[in-house]
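The values are calculated or read from the model by the stated rules, or taken from the named source; none is laboratory data. Just so it is clear, the structure is predicted and the values come from calculations on it, not from any experiment. Here the Cβ is made from the backbone with ideal geometry for all residues, glycine too, and neighbour counts use every protein chain on show.
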(Lines give C-alpha, C1' and ligand atoms only; values in the text may rest on other atoms or scores of the structure.)
Protein backbone atom coordinates (compact mmCIF):
# COMPACT_ATOMS: atom_id res chain seq x y z
CA UNK A 1 0.00 0.00 0.00
CA UNK A 2 1.40 3.38 -1.02
CA UNK A 3 2.00 5.90 1.75
CA UNK A 4 0.22 9.22 1.26
CA UNK A 5 2.42 12.30 0.94
CA UNK A 6 1.38 15.60 2.48
CA UNK A 7 2.79 18.91 1.25
CA UNK A 8 3.27 21.91 3.53
CA UNK A 9 3.52 25.49 2.32
CA UNK A 10 5.38 26.80 5.35
CA UNK A 11 5.46 30.29 6.78
CA UNK A 12 7.10 31.24 10.05
CA UNK A 13 6.61 30.05 13.60
CA UNK A 14 5.90 26.63 15.05
CA UNK A 15 2.75 25.88 13.05
CA UNK A 16 4.50 24.10 10.13
CA UNK A 17 6.45 21.98 12.64
CA UNK A 18 3.23 20.90 14.36
CA UNK A 19 1.67 19.92 11.03
CA UNK A 20 4.76 17.96 9.97
CA UNK A 21 4.96 16.14 13.30
CA UNK A 22 1.22 15.42 13.28
CA UNK A 23 1.39 14.02 9.75
CA UNK A 24 4.31 11.75 10.66
CA UNK A 25 2.40 10.47 13.70
CA UNK A 26 -0.36 9.47 11.27
CA UNK A 27 2.14 7.52 9.18
CA UNK A 28 2.21 10.04 6.32
CA UNK A 29 5.19 11.28 4.34
CA UNK A 30 5.85 15.02 4.51
CA UNK A 31 7.48 17.38 2.05
CA UNK A 32 7.56 21.13 2.50
CA UNK A 33 8.30 24.41 0.78
CA UNK A 34 9.82 27.16 2.92
CA UNK A 35 10.44 30.79 2.03
CA UNK A 36 13.56 32.89 2.44
CA UNK A 37 13.24 35.41 5.32
CA UNK A 38 9.98 33.86 6.54
CA UNK A 39 10.36 30.15 7.36
CA UNK A 40 12.50 28.55 10.06
CA UNK A 41 14.72 26.34 7.92
CA UNK A 42 15.07 23.85 10.79
CA UNK A 43 11.75 22.57 9.44
CA UNK A 44 13.78 20.60 6.89
CA UNK A 45 14.72 18.19 9.70
CA UNK A 46 11.03 17.37 10.26
CA UNK A 47 10.33 16.51 6.61
CA UNK A 48 11.15 13.81 4.08
CA UNK A 49 12.13 16.49 1.58
CA UNK A 50 12.31 20.26 1.70
CA UNK A 51 12.96 23.11 -0.70
CA UNK A 52 13.59 26.78 -0.03
CA UNK A 53 12.02 29.24 -2.46
CA UNK A 54 11.30 32.94 -2.72
CA UNK A 55 7.68 34.03 -2.37
CA UNK A 56 6.19 34.19 -5.85
CA UNK A 57 8.01 31.19 -7.33
CA UNK A 58 4.72 29.43 -7.97
CA UNK A 59 5.87 27.23 -10.85
CA UNK A 60 8.77 25.78 -8.85
CA UNK A 61 6.45 25.17 -5.88
CA UNK A 62 3.94 23.25 -8.02
CA UNK A 63 6.64 21.21 -9.77
CA UNK A 64 8.16 20.23 -6.39
CA UNK A 65 4.86 18.96 -5.00
CA UNK A 66 3.89 17.12 -8.17
CA UNK A 67 7.30 15.44 -8.38
CA UNK A 68 6.68 14.00 -4.89
CA UNK A 69 3.15 12.84 -5.69
CA UNK A 70 1.59 15.08 -3.05
CA UNK A 71 -2.13 14.45 -2.55
CA UNK A 72 -2.96 17.17 -0.01
CA UNK A 73 -1.38 20.55 0.71
CA UNK A 74 -1.60 22.42 4.00
CA UNK A 75 -0.79 26.12 4.33
CA UNK A 76 0.77 26.63 7.75
CA UNK A 77 2.58 29.52 9.37
CA UNK A 78 2.74 33.28 9.15
CA UNK A 79 4.22 35.30 6.33
CA UNK A 80 5.74 38.63 7.34
CA UNK A 81 3.47 40.91 5.32
CA UNK A 82 5.68 44.00 5.10
CA UNK A 83 8.61 41.88 3.85
CA UNK A 84 6.29 39.99 1.49
CA UNK A 85 5.43 43.24 -0.28
CA UNK A 86 8.88 43.12 -1.91
CA UNK A 87 8.46 39.69 -3.51
CA UNK A 88 9.27 38.99 -7.17
CA UNK A 89 6.58 36.77 -8.72
CA UNK A 90 7.30 34.43 -11.58
CA UNK A 91 5.22 34.69 -14.74
CA UNK A 92 2.55 32.30 -13.46
CA UNK A 93 2.15 34.19 -10.18
CA UNK A 94 2.15 37.51 -12.02
CA UNK A 95 -0.77 36.38 -14.21
CA UNK A 96 -2.76 35.46 -11.10
CA UNK A 97 -2.05 38.81 -9.45
CA UNK A 98 -3.22 40.70 -12.52
CA UNK A 99 -6.59 38.95 -12.25
CA UNK A 100 -7.15 40.06 -8.65
CA UNK A 101 -9.24 43.08 -7.78
CA UNK A 102 -8.11 42.92 -4.17
CA UNK A 103 -4.64 42.10 -2.85
CA UNK A 104 -5.95 41.18 0.61
CA UNK A 105 -4.84 37.97 2.32
CA UNK A 106 -8.01 36.01 1.65
CA UNK A 107 -8.22 37.01 -2.01
CA UNK A 108 -4.61 36.03 -2.69
CA UNK A 109 -4.76 32.74 -0.78
CA UNK A 110 -8.05 31.69 -2.38
CA UNK A 111 -6.63 32.38 -5.84
CA UNK A 112 -3.46 30.41 -5.10
CA UNK A 113 -5.55 27.51 -3.74
CA UNK A 114 -7.59 27.41 -6.95
CA UNK A 115 -4.41 27.37 -9.00
CA UNK A 116 -3.00 24.48 -6.96
CA UNK A 117 -6.23 22.52 -7.31
CA UNK A 118 -6.20 23.08 -11.08
CA UNK A 119 -3.02 20.97 -10.97
CA UNK A 120 -4.69 18.20 -8.94
CA UNK A 121 -3.19 19.38 -5.63
CA UNK A 122 -5.96 19.39 -3.02
CA UNK A 123 -5.68 22.13 -0.38
CA UNK A 124 -6.71 20.89 3.08
CA UNK A 125 -7.21 22.48 6.50
CA UNK A 126 -4.40 21.91 8.98
CA UNK A 127 -7.09 20.83 11.44
CA UNK A 128 -7.54 17.62 9.42
CA UNK A 129 -3.94 16.75 10.35
CA UNK A 130 -3.67 18.25 13.85
CA UNK A 131 -7.24 18.67 15.19
CA UNK A 132 -6.00 19.10 18.77
CA UNK A 133 -4.79 22.66 18.08
CA UNK A 134 -8.32 23.93 17.38
CA UNK A 135 -9.79 26.46 19.84
CA UNK A 136 -12.57 25.02 22.04
CA UNK A 137 -15.75 26.96 22.83
CA UNK A 138 -16.27 28.67 26.17
CA UNK A 139 -14.04 30.05 28.91
CA UNK A 140 -10.79 28.07 28.91
CA UNK A 141 -9.01 29.77 31.83
CA UNK A 142 -9.84 29.32 35.51
CA UNK A 143 -10.95 32.92 35.84
CA UNK A 144 -13.96 34.20 33.88
CA UNK A 145 -14.29 37.61 32.20
CA UNK A 146 -15.88 40.29 34.36
CA UNK A 147 -18.97 42.20 33.24
CA UNK A 148 -16.97 44.90 31.42
CA UNK A 149 -14.84 42.33 29.59
CA UNK A 150 -17.95 40.45 28.44
CA UNK A 151 -19.42 43.75 27.27
CA UNK A 152 -16.23 44.58 25.37
CA UNK A 153 -16.16 41.12 23.76
CA UNK A 154 -19.75 41.54 22.55
CA UNK A 155 -19.06 45.11 21.43
CA UNK A 156 -15.97 44.07 19.48
CA UNK A 157 -17.40 40.91 17.87
CA UNK A 158 -19.53 42.52 15.09
CA UNK A 159 -16.87 45.16 14.41
CA UNK A 160 -14.15 42.53 14.06
CA UNK A 161 -16.46 40.60 11.71
CA UNK A 162 -17.01 43.77 9.65
CA UNK A 163 -13.27 44.41 9.35
CA UNK A 164 -12.77 40.76 8.41
CA UNK A 165 -15.44 40.95 5.72
CA UNK A 166 -13.36 43.71 4.09
CA UNK A 167 -10.26 41.45 4.23
CA UNK A 168 -8.39 43.97 6.40
CA UNK A 169 -7.53 41.91 9.47
CA UNK A 170 -8.77 39.34 11.95
CA UNK A 171 -8.60 41.20 15.24
CA UNK A 172 -9.17 44.43 17.09
CA UNK A 173 -8.72 45.69 20.63
CA UNK A 174 -11.48 47.22 22.77
CA UNK A 175 -11.44 49.04 26.09
CA UNK A 176 -14.56 50.21 27.92
CA UNK A 177 -16.74 50.07 24.81
CA UNK A 178 -14.25 51.80 22.51
CA UNK A 179 -12.14 50.30 19.71
CA UNK A 180 -8.56 51.39 20.43
CA UNK A 181 -6.63 49.43 17.78
CA UNK A 182 -7.36 47.49 14.59
CA UNK A 183 -5.05 44.82 13.22
CA UNK A 184 -3.30 45.59 9.94
CA UNK A 185 -0.30 44.01 8.20
CA UNK A 186 1.80 44.31 11.38
CA UNK A 187 -0.02 41.39 13.05
CA UNK A 188 -1.71 40.76 16.39
CA UNK A 189 1.26 41.25 18.73
CA UNK A 190 2.06 44.67 17.27
CA UNK A 191 -1.64 45.60 17.48
CA UNK A 192 -1.65 44.69 21.18
CA UNK A 193 1.45 46.79 21.80
CA UNK A 194 -0.12 49.75 20.03
CA UNK A 195 -3.30 49.40 22.09
CA UNK A 196 -1.25 49.30 25.29
CA UNK A 197 0.51 52.53 24.34
CA UNK A 198 -2.77 54.22 23.44
CA UNK A 199 -5.12 52.97 26.16
CA UNK A 200 -3.01 51.42 28.91
CA UNK A 201 -3.91 48.22 30.80
CA UNK A 202 -7.28 46.49 30.76
CA UNK A 203 -7.70 46.07 27.00
CA UNK A 204 -9.67 43.20 25.46
CA UNK A 205 -8.46 41.45 22.29
CA UNK A 206 -11.14 40.08 19.94
CA UNK A 207 -9.95 37.79 17.16
CA UNK A 208 -12.37 36.23 14.66
CA UNK A 209 -12.74 34.15 11.53
CA UNK A 210 -13.41 36.39 8.52
CA UNK A 211 -16.93 36.05 7.08
CA UNK A 212 -16.77 34.06 3.86
CA UNK A 213 -13.16 33.07 4.49
CA UNK A 214 -11.88 29.75 3.14
CA UNK A 215 -11.49 27.75 6.35
CA UNK A 216 -8.56 25.80 4.96
CA UNK A 217 -6.23 28.81 5.09
CA UNK A 218 -5.05 31.66 7.30
CA UNK A 219 -7.18 30.71 10.28
CA UNK A 220 -7.02 33.12 13.22
CA UNK A 221 -4.52 31.93 15.80
CA UNK A 222 -3.41 32.70 19.33
CA UNK A 223 -1.39 30.95 22.00
CA UNK A 224 1.56 31.32 24.34
CA UNK A 225 3.13 34.21 22.42
CA UNK A 226 -0.19 36.08 22.47
CA UNK A 227 -0.51 35.66 26.23
CA UNK A 228 3.08 36.84 26.75
CA UNK A 229 2.36 39.98 24.73
CA UNK A 230 -0.85 40.56 26.69
CA UNK A 231 1.17 40.44 29.91
CA UNK A 232 3.68 42.96 28.50
CA UNK A 233 0.92 45.35 27.45
CA UNK A 234 -1.48 44.87 30.36
CA UNK A 235 -4.31 43.40 28.26
CA UNK A 236 -6.77 41.52 30.45
CA UNK A 237 -8.92 39.34 28.19
CA UNK A 238 -8.67 37.43 24.90
CA UNK A 239 -11.67 36.26 22.91
CA UNK A 240 -10.91 34.13 19.86
CA UNK A 241 -13.55 32.48 17.72
CA UNK A 242 -13.97 28.79 18.54
CA UNK A 243 -13.99 26.06 15.92
CA UNK A 244 -12.38 27.95 13.04
CA UNK A 245 -9.24 29.09 14.85
CA UNK A 246 -6.00 27.71 16.22
CA UNK A 247 -4.63 27.82 19.76
CA UNK A 248 -0.96 26.93 20.15
CA UNK A 249 0.80 25.68 23.32
CA UNK A 250 -2.58 25.56 25.02
CA UNK A 251 -1.46 24.04 28.33
CA UNK A 252 1.40 26.51 28.84
CA UNK A 253 -0.61 29.48 27.56
CA UNK A 254 -3.56 28.81 29.86
CA UNK A 255 -1.30 28.26 32.88
CA UNK A 256 0.49 31.55 32.21
CA UNK A 257 -2.81 33.37 31.69
CA UNK A 258 -4.15 31.99 34.98
CA UNK A 259 -0.99 33.10 36.78
CA UNK A 260 -1.44 36.68 35.56
CA UNK A 261 -5.22 36.90 35.86
CA UNK A 262 -5.82 36.96 32.10
CA UNK A 263 -9.12 35.52 30.85
CA UNK A 264 -9.41 33.54 27.60
CA UNK A 265 -12.67 32.66 25.86
CA UNK A 266 -13.44 30.57 22.78
CA UNK A 267 -16.12 32.77 21.24
CA UNK A 268 -19.26 31.53 19.49
CA UNK A 269 -21.81 33.52 17.50
CA UNK A 270 -24.57 32.28 19.83
CA UNK A 271 -22.78 33.68 22.90
CA UNK A 272 -21.68 36.95 21.27
CA UNK A 273 -25.02 37.80 19.69
CA UNK A 274 -27.06 37.46 22.88
CA UNK A 275 -28.85 40.64 23.90
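So is residue 174 touching a strand residue (DSSP E or B) at 6+ places or on another chain (Cβ under 6 Å), closer than 15 Å to residue 236 by Cα and buried (at least 22 other Cβ atoms within 10 Å of the Cβ) or not?
yes
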Looking only at region 129-143, which residues are touching a strand residue (DSSP E or B) at 6+ places or on another chain (Cβ under 9 Å) and without any contact (Cβ under 8 Å) to a residue 12 or more places away in the chain?
none
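Say we look at region 69-83 and pick out the residues that are in a loop (DSSP other than H, G, I, E, B) and at pLDDT 75 or above; which of these is farthest from residue 12 (Cα to Cα)?
69
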Could you run through region 20-48 and say how many residues are buried (at least 23 other Cβ atoms within 10 Å of the Cβ), in a loop (DSSP other than H, G, I, E, B) and more than 19 Å from the chain's Cα centre (by Cα)?
1
If you scan region 186-214, which residues turn out to be within 20 Å of residue 110 (Cα to Cα) and either without any contact (Cβ under 8 Å) to a residue 60 or more places away in the chain or surrounded by fewer than 14 Cβ atoms within 10 Å (Cβ to Cβ) (or both)?
208, 209, 211, 212
Residue 222 passes all but one of (1) farther than 13 Å from residue 153 by Cβ; (2) in a helix (DSSP H, G or I); which number fails?
(2)
In this structure, does residue 258 turn out to be under 20 Å from residue 76 (Cβ atoms) and surrounded by fewer than 23 Cβ atoms within 10 Å (Cβ to Cβ)?
no
First in region 38-51 and outside the structural domain of residue 21 (by TED's automatic domain parsing) and in contact (Cβ under 8 Å) with a residue 12 or more places away in the chain, second anywhere and assigned to a helix (DSSP H, G or I) and crowded, with 18+ Cβ neighbours inside 10 Å, Cβ under 7 Å, 6 or more apart
none
